[in-house]
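The structure under discussion appears below in the form of structure tokens.
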Amino acid sequence: MKCEILYPGAFPMVRVYLDANETVKAESGAMVAASPTIDIESKMEGGFLGALSRKMLSGEKFFFQTLRASRGAGEVLLAPTVPGEIVLLELDGVNEYMVQKDGFLAGAEGVKIESKMQGLTRGLLGGEGFFILKIGGTGQLVLNSFGAIHKIDLKPNEEYIVDNSHLVAWTSTTTYNIDKASSGWIASLTSGEGLVCRFRGPGVVYIQSRNPGSFGSWIRQFIPVSE
Amino acid sequence: MNPIPNALCFGDGLPASGAPCVVAVSVEGLRVSPMGESPVVEHVVAFADMSVEAGGLDHDQLVVSWGEGSSRRTLYLKDPALIAAFRRAAPSQLTAHLERAAEQVRRARRSHRLLWSSAVGVLTGLVLFLWFGSDLIVEWAVARIPIEWEQKLGESVYQDFLSKETILKEGPAVSAVQEMTQRLTEKIPNNPYTFQVSVVQSPVVNAFALPGGYVVVFAGLMNKAESGEEVAGVLSHELNHVLQRHGLERMVKMLGLAAVVGIVLGDQQGVLGLAKQLGMELATLKFGRAQETEADLTGLRLLSDARIAPDGMIRFFERLSEKDDARVELFSTHPMSAARAERLKAELAALPKQTPNPFTFEWKQVQDSLALSGPKQ
Ligand SMILES: [Zn+2]
């Protein structure tokens, strides 16, 4: 598999070249166009039960498709739902990324994806949901963000604080805690602010320059309410 | 064919995401060969020079560090076989560290399992509650709200509301309502509330009570009523919404689980913050049918205890429900029904007969004073 980012910036696409019989895992609905040699396999990662539990636990949204070049080499064009940058990561078998659900766009055949439960407090308060994806294995991994993607490099024991709704992905060598930035965590839970992740290196944290939740509520004020 | 990396190395000059490398355990220590360099440079780190701990997101990685300053290196090992080999070969002075690391891993796993089972437990419990006991959970949570919280909440909404309205400060209408409140509240056993009642100059035919004992009576209601007893009936009903904490129950229901958690944790600011989002809605809260019936019946009993003729309440309700008056806003929060009046009549028949004490004011004068003080309706 070979990936190429087209139109880098706010509205990018990814062109994925597949050799004959090679596959790529893509977020469902991400496929824009493909060569006629490409088939969509509805098979879910991890079999029926895996699919079931994924559907139940990590939400319908994370049902990825497997696209296979079953009738000869070809290419697939993939695009994320939201406007924002795409980043390509190379997995070498040892590095692993924790990715928030909406951050995954595609992964090579050798990329392993599992949904992972967050610590109760982390999940409830972290904004990125109870389940995040733990992505390892080998091959290229394609992530997407809302807005621009920004990489934060952390040395061993170096700390950095990130508003949790801006999180995209981080390496599994990086630990983190959820902190409340203001008093009264229920208030901050509902106001959508005041919850931050304190990361501790070594590793890398990818963040997005826009907050999907805030953007949603900003949009909502322009939508007429009908009863 | 390249060897497969099995560790990540961190340090100055290395990529922040870690440099992949191949690590092997030997008698003297670790043999570390960075990937992508040819010829392969092998570096041996002696056991004596390194420190060891558990690390990574799940504390399941072995973190080996050595060196000082800019040449300090940190190695993250994740492969269980490699970690096992390391533990077998490592000398005793490192064992303590390692065992602590292993214990941390075991603890992480245990808490993981605990997390899963408790999550399943919480989910099951939640479903069960939604099925059978949401009312129970609400009651249980409401019973835990301290009176002071309730007062703080009610007062802020009350002040908010009053700041937008014209309040009658004095006069026959105000003293009449105060007399009614006084007579009703002194008959409430163990009353934890200090009731405050305001008369608002407005044609709206309504009255409401906020959690904590803040009551608003609109002048429109007093104009519509044919006697002080009728207004006292509405007042008694509203006071009982407060006493039974109906507003809080509705509020907790609307705010949901977050409010319950906040109440249990004693997070006053959080709960008040949540409740403020409801804001004015608290004033125009629609109560449930069961709550209305409860406020009706307890209201009727309170009237009887206070020796205020209780049939005034019934008459007022009946009269209002007959009229098809769109401006009677009491209906929007208090749908009237014949069944409701019937139930009150039945309850009244069952109550011991009391000789009512009339109010000291002349109702006609009270109404006239309202017409004088306010704009023509
Ligand atoms: Zn009522």
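Computed from backbone phi with θ = phi - 60° and the Karplus coefficients 6.51, -1.76 and 1.60, the 3J(HN,Hα) list for the stretch A:100-114 is 5, 3, 7, x, 7, 10, 7, x, 5, 4, x, 7, 9, 10, 10 Hz; x is used for glycine and proline.
Scan around B:Thr166 for amide H atoms under 5 Å from its own, H built in the peptide plane at 1.01 Å from N, and keep only partners 5 or more places away or cross-chain. Long-range HN contacts for B:Thr166: B:Gln201.
Where a number appears in this text, it was derived from the coordinates with a stated rule and is not lab data. Because the structure is a prediction, the values reported are computed rather than measured.
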